[in-house]
Amino acid sequence: MKRLALPILLLAVSSALAQEPSRTATRPRPTLQYDSGEIRIAVPRSDDPKVQEFGWESIRTAAKYLDDGAVAWMRERSCVACHTPGAYMLDRPALTPWLGKPSEEVHDRFVAGIQDEVSATRQAGGVRYYALAERAVWRAAGLVQWDRHVTGKLSDPTNRALRSMLRQQASHGGWYMPGEVEIPYVTTDFELTLHAARAIVEAPGWLAALTDAELLERIERMKTFLAETRPRNDYERALRIELASILPALVPGTTREADIAMLWAKQHDDGGWCMRDMSDTRSWRTPMSDFVVKLIEGLPDAARPQSDPFMTAQAIVLLRDSGVPAQDPRIQKGIAWLKAEQRVGGRWWMDSLYRGNYNFITYIATARVMRALGVCGELDRIRNE
């Protein structure tokens, strides 16, 4: 079968996937966010009450929500979706010292897909290729965090997942992010490639032991792509703070300091940050579907977006990784805002910025908030109270 030319192929991918929100919008509003066997989790709502007392019990409830949501998704859907098992494996392993070992069922399903993914990729010639490349990044990223935080050593499946990921690198040196934007985590090639870079750098001992000349050359092309990509919005500038933390040689010191100053300037008076402050609505990606634009511009606080849990937690994690102490009063103000916003059921609710139905962004936000609490020493403090 003749392979489509790249521009035509990307247009086909975007057109096919961009229809998904409108199709979703015509379906009856779901009542369950996750539903598998004994796991039945209601769709989060804006009027879900806040917890009466934030503490260790509400933290445990949040952990159960994360564990059950990821297990249910993998049982019923199996795909490595960024918004549930992807977010779970990116953040949950780091919480092992406080919450115990993450779900082995989710881990094993990540592992089980590696060989199938490689085989399918060799035969892929169109839309499926780019979808598989995206999943390969999330699979490797999650398995690396498991090895780093759960077992403390590189596993053979993670080695295979990293090699599979690198073999699916795009010609520009990064990884193509196909289809419609899903804010956050599924925005641009830069963001997806940054996840790949973190996986390569943080895999225990993997990069230092790598001798495969082809893969090493691919890693160098990845670095060039990341170093030369011009941020399209302030969200990518914020992500460049992460790049400076994991590959400091790629980001000049003055650029890093300017990006950090930008992020501080985005903090609201209440201590939080807002995802929608990080980009003009139509600049998340080109093109943006009218459905997503209308959804974002139709939110109740569209004229003056309020703080949200994902961007607040994301900013705190980025700033902590860049060396800002947890006791910085501005960090503590952000932590206080997060503590006040937890909802019954353990979740941190957030308006969908993509589909407007299942509110999977609430799951992503909850995982990132828990990570922020961990890197600031709050989980230790709360557990010992």
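Taking interchain pairs and intrachain pairs at least six residues apart, which have beta carbon atoms under 9 angstrom, with the first residue in the stretch 197-208 and over 21 Å from Ile241 (Cβ atoms) and the second among the charged types (D, E, K, R) and modelled with pLDDT of 95 or more?
Pairs found: Ala203/Asp147; Ala203/Arg148; Pro204/Asp147; Pro204/Arg148; Pro204/Lys153; Gly205/Lys153; Trp206/Asp147.
Examine the stretch 166-184 for a residue that is surrounded by 21 or more Cβ atoms within 10 Å (Cβ to Cβ) and in a helix (DSSP H, G or I), and state whether such a residue exists.
yes
When you check Ala336 against the structure, is it in a loop (DSSP other than H, G, I, E, B), more than 21 Å from the chain's Cα centre (by Cα) and over 17 Å from Ser352 (Cβ atoms), yes or no?
Numbers: in a loop (DSSP other than H, G, I, E, B): no; more than 21 Å from the chain's Cα centre (by Cα): yes; over 17 Å from Ser352 (Cβ atoms): yes.
Spelling it out, it is not the case that Ala336 is in a loop (DSSP other than H, G, I, E, B), more than 21 Å from the chain's Cα centre (by Cα) and over 17 Å from Ser352 (Cβ atoms).
Kindly evaluate Glu202 against the criterion of being in contact with a helix residue (DSSP H, G or I) (Cβ under 7 Å, 6 or more places away or on another chain) and surrounded by 21 or more Cβ atoms within 10 Å (Cβ to Cβ).
So Glu202 does not fit the description; no.
Give the residue, chosen from Val292, Val317, that is hydrophobic (A, V, I, L, M, F, W, C), part of a helix (DSSP H, G or I) and farther than 12 Å from Cys376 by Cβ.
The unique qualifying residue is Val292.
Which members of the stretch 343-371 meet the condition of being aliphatic (A, V, I, L, M) and either surrounded by fewer than 22 Cβ atoms within 10 Å (Cβ to Cβ) or under 20 Å from Met288 (Cα atoms) (or both)?
The first filter runs over the stretch 343-371 and keeps only residues aliphatic (A, V, I, L, M), leaving 344, 350, 353, 361, 364-365, 367, 369-370.
Of everything in the stretch 343-371, those that are aliphatic (A, V, I, L, M) and either surrounded by fewer than 22 Cβ atoms within 10 Å (Cβ to Cβ) or under 20 Å from Met288 (Cα atoms) (or both) turn out to be Val344, Leu353, Ile361.
Go through the stretch 38-112 and tell me which helices (runs of 4 or more DSSP H), entirely inside it, have 3 or more residues that are aliphatic (A, V, I, L, M) and crowded, with 22+ Cβ neighbours inside 10 Å. Outline the logic, then answer.
On the way: elements: 56-76, 87-91, 96-99.
Result: 56-76, 87-91.
Restricting to the stretch 264-285, give me the number of residues that are under 20 Å from the mean Cα position of the chain (by Cα) and touching a residue at least 60 places away in the same chain (Cβ under 8 Å).
6
Would it be correct to say that His195 is assigned to a helix (DSSP H, G or I), under 18 Å from the mean Cα position of the chain (by Cα), surrounded by fewer than 21 Cβ atoms within 10 Å (Cβ to Cβ) and not aliphatic (A, V, I, L, M)?
Numbers: assigned to a helix (DSSP H, G or I): yes; under 18 Å from the mean Cα position of the chain (by Cα): yes; surrounded by fewer than 21 Cβ atoms within 10 Å (Cβ to Cβ): no; not aliphatic (A, V, I, L, M): yes.
Criteria not met by His195.
Return yes when Ala227 is touching a residue at least 12 places away in the same chain (Cβ under 8 Å), among the hydrophobic types (A, V, I, L, M, F, W, C) and more than 22 Å from Gly113 (Cα to Cα) and no when it is not. First the steps, then the outcome.
On the way: touching a residue at least 12 places away in the same chain (Cβ under 8 Å): yes; among the hydrophobic types (A, V, I, L, M, F, W, C): yes; more than 22 Å from Gly113 (Cα to Cα): yes.
Here the answer is yes, as Ala227 does meet what is asked.
Only one of (1) buried (at least 22 other Cβ atoms within 10 Å of the Cβ); (2) modelled with pLDDT of 95 or more; (3) among the polar types (S, T, N, Q) fails for Asn159. Which number is that?
Of (1) buried (at least 22 other Cβ atoms within 10 Å of the Cβ); (2) modelled with pLDDT of 95 or more; (3) among the polar types (S, T, N, Q), only one is false for Asn159: (1).
Taking only the stretch 30-71 into account, find how many residues are within 16 Å of Tyr358 (Cα to Cα) and among the aromatic types (Phe, Trp, Tyr).
The total comes to 2.
The values are calculated or read from the model by the stated rules, or taken from the named source; none is laboratory data. Here the structure is a predicted model, which means the values were calculated and not measured. Here Cβ is always computed from backbone atoms with ideal geometry, including for glycine, and neighbour counts include all displayed protein chains.
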